[in-house]
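Here is the structure we will look at, set down as structure tokens.
A short reminder: the numbers here are calculations on the coordinates, not readings from a lab. Small disclaimer: the values here were computed from a predicted structure and weren't measured. Neighbour counts are summed over all protein chains in view; Cβ atoms, including those assigned to glycine, are modelled from backbone coordinates with ideal geometry.
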Amino acid sequence: MASSDLMVGLEIGTSKICVVVGEGRPDGTIKVLGVGQAPSRGVRKGEIVDFETAMKCVHEAVVDAEQKSDVMIRSVYVGVTGAHIQSFNNRGAVVLPEDRDEIDDQDVEDVKINAREVSIPAPNAFLHSIIQHYHVDGQDGVLNPIGMLGEKLEADFHIIHGVRTRIQNTIRCVKELPLDVEDVVFNALAAAQVVLTQHQKNLGALVIDIGGGTTDYILYVDGAVKQSGCFAVGGDHITNDISMGLRIPMTRAEKLKIEEGSVTLGNCLPGETVLLKDDSGFAGKEVERETLNTIIHLRLREIFELLKRKLEEEPFINYIGEGVFITGGCSHLSGIAHLAEEVFEVPARVAHAQTMSGLTSAFENPQFSAAIGLIKYAHAVQADRPRANWRQRITKFIPGFR
Ligand SMILES: Nc1ncnc2c1ncn2[C@@H]1O[C@H](COP(=O)(O)OP(=O)(O)O)[C@@H](O)[C@H]1O
Ligand SMILES: [Mg+2]
């Protein structure tokens, strides 16, 4: 890439590979120059299971993005997902030496390092340490402690980690192309950057990205990330349920779900059916619309309830004043926001990336949220921190980012 203001986000999803090219503008905004896509193969539940095949698909999407944006891509920010991704909150503390009482950059670095001095499972690597709040000598709500006077600096972090080899497999797949990996970012964190405004993060919100094989989530309260993670369940499971329940092949079940499916129950006329057209010209099969919708409803309800139970392990779910934002391919399903409202008992809506120039309706697709979010993340992080390559990042380096 010619200009350092160009940023590329790459999401290797279970259903599709998506590459977004963005350009940082002098006024601080980002312009989306183009989005490349390719169907995903060799990826299951968000993780690479067939290296060669996945690599070909990534290559295809990159070439598509290069053509659409007229930019040659050399390096990317890569989104990662998978049920191996876990998170927790932890507080770090540093005491200033006796001969100094002004907090400096190094103290802020040290408090981050201290917060990570907890044991995570041996195969895991740190992915993100996201600052929540600083405390100086017990004073809460400090936003930037550098330059303040104090004896003790404490800081709360949301720490996201995952299995090192799984993250490295994703990175290797990209590096073999060959493309440089600028950074690896948890998908839901990326999506939240474009789905939510800072105001919504402040008031509290939950972002749920339901893709093909995974459901990624991230919860903000008081402008800070409090909970995040991933379940290995998504739209493919709905398709599979339809295929099994109605005894039709997966490809037809997928088409039926997309063209006719709804989450809403009790909306059909008694006995209303959908005629499945047969590709080979044989007489089509009729399926009951209410049965189709019930299958979709039950699986999505299960996903939401699973997530709710997980979130209820901590108190933060009670503080999401702005409610639930659903994104990812499954958010296209009619009635999904209503079901989320019923389960989470807060307002819910379907959301896609917002507030970027060049973002025409073609890009306003919730399936692109994570990939578009990656360039927003890139823009913020590039302006904010010294360079560290991915090897340092997943072994040592951790940026502060909300
Ligand atoms: N219009 C639609 N209606 C219902 N489901 C859809 C629609 N479009 C895409 N999906 C579903 O969304 C899922 C893919 O979402 P996406 O966010 O692209 O996944 P991933 O990021 O895992 O590749 C698939 O299960 C697909 O069936
Ligand atoms: Mg996705």
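Which whole-angstrom value gives the distance between the alpha carbon centres of segment 298-347 and segment 240-266?
Using only Cα atoms to place each centre, the spacing works out to 22 Å.
Rg/Rh for the chain to two decimals, with Rh computed the Kirkwood way over all alpha-carbon pairs. Spell out each step's value before the answer.
Details: Rg = 22.2 Å, Rh = 22.1 Å.
In the chain, Rg relative to Rh is 1.00.
Just to confirm my numbers, what's the Cα centroid distance between segment 218-235 and segment 161-184 in Å?
Comparing the Cα centres of segment 218-235 and segment 161-184, I get a distance of 22 Å.
Give me Met72, Met148 ranked fewest to most by other Cβ atoms within 10 Å of their Cβ, as a rough exposure proxy.
Met72, Met148
With runs of 4+ DSSP H residues as the only contributors, calculate the mean residue ellipticity of the chain at 222 nm using -39,500 (n - 2.57) per run, divided by the residue total and rounded to the nearest 500. The partial results should precede the final answer.
Working: 11 runs with 134 residues, N = 402.
About -10500 deg cm²/dmol.
Could you calculate the contour length gain from Met148 to Asp27, that is, 0.36 nm times the residue separation minus the distance between their Cα atoms, to one decimal place in nm? Write out the running numbers ahead of the final one.
On the way: separation 121, 0.36 × 121 = 43.56 nm, distance 3.02 nm.
Extending this stretch completely gives an extra 40.5 nm.
What residues have an amide H closer than 5 Å to that of Leu33, excluding those fewer than 5 places away on the same chain, when H is modeled at 1.01 Å from N in the peptide plane?
Val21, Gly22, Glu23
Once label points are set 7 Å from the Cα along Cα→Cβ at both Glu109 and Ala383, what is their separation, rounded to one decimal in nm?
2.3
Give me the angle, in degrees from 0 to 90, between the Cα long axis of helix 235-246 and the longest principal axis of the Cα atoms of the chain, rounded to the nearest 10.
The angle comes out near 20 degrees.
Output the 0 to 90 degree angle, nearest 10, between the alpha-carbon long axis of helix 250-260 and the longest principal axis computed from the alpha carbons of the chain.
90
Can you sort Ser369, Ser75 from fewest to most other Cβ atoms within 10 Å of each residue's own Cβ? Numbers along the way, then the final one.
On the way: Ser369 32, Ser75 17.
The most exposed by this proxy come first: Ser75, Ser369.
Based on the Cα gyration tensor of segment 15-84, what are the three equivalent ellipsoid semi-axes, each the root of five times an eigenvalue, rounded to whole Å and given largest first?
Numbers: eigenvalues 126, 42, 15 Å².
Sorted largest first and rounded, they come to 25, 14, 9 Å.
Relative contact order, percent, of segment 86-161 when contacts are C-alpha pairs under 8 Å separated by at least 6 residues? Please report the intermediate quantities before stating the final value.
Values: 153 pairs, mean separation 36.9, N = 76.
Reported as a whole number, the value is 49 percent.
When we measure straight from the Cα of Lys308, which lysines land under 17 angstrom away, once same-chain ones fewer than 8 places off are left out?
Lys226
Can you give the alpha-carbon Rg of segment 191-250 over 2.2 N^0.38 Å, where N counts its residues? Let's see the in-between values first.
Values: Rg = 15.5 Å, N = 60, 2.2 N^0.38 = 10.4 Å.
Against the compact-globule rule of thumb, the ratio is 1.49.
Taking the chain as the reference, fit the longest principal axis to its C-alpha atoms, fit the long axis of helix 369-384 to the helix C-alpha atoms, and give the angle between the two in degrees, 0 to 90, nearest 10.
10
Go through segment 11-22 residue by residue and turn each phi into a ³J(HN,Hα) via Karplus (6.51, -1.76, 1.60, θ = phi - 60°); whole Hz please, and just put x for glycine and proline.
Result, rounded to whole Hz: 10, 9, x, 6, 9, 9, 9, 10, 10, 10, 9, x.
In the structure displayed, which of Lys16/Lys45; Lys31/Lys56; Lys152/Lys201; Lys255/Lys277; Lys16/Lys201 lie more than 19 Å apart, Cα to Cα? Walk me through the numbers on the way to the answer.
Values: Lys16/Lys45 12 Å; Lys31/Lys56 28 Å; Lys152/Lys201 28 Å; Lys255/Lys277 11 Å; Lys16/Lys201 28 Å.
Among Lys16/Lys45; Lys31/Lys56; Lys152/Lys201; Lys255/Lys277; Lys16/Lys201, the Cα-Cα distance tops 19 Å for Lys31/Lys56; Lys152/Lys201; Lys16/Lys201.
Take the Cα atoms of segment 197-350, find their three principal axes, and give me the spread along each one in whole Å, biggest first.
Ordered largest first, segment 197-350 gives principal extents of 58, 29, 26 Å.
Once the Cβ-Cβ distance between Arg309 and Val63 is put in as r, and R0 is 51 Å, what FRET efficiency do you end up with, to the nearest 0.05? Spell out each step's value before the answer.
Values: r = 43 Å, r/R0 = 0.83.
In this case the efficiency is close to 0.75.
When the Karplus curve 6.51 cos²θ - 1.76 cosθ + 1.60 is applied with θ = phi - 60°, which whole-Hz ³J(HN,Hα) does each residue of segment 102-110 get, with x for Gly and Pro?
9, 6, 10, 4, 5, 4, 5, 5, 5
If you build a Gaussian network model of the chain, linking Cα atoms that sit under 10 Å apart, which residue out of Glu154, Glu23, Glu286 swings the most?
Judging by the Gaussian network model, the answer is Glu286.
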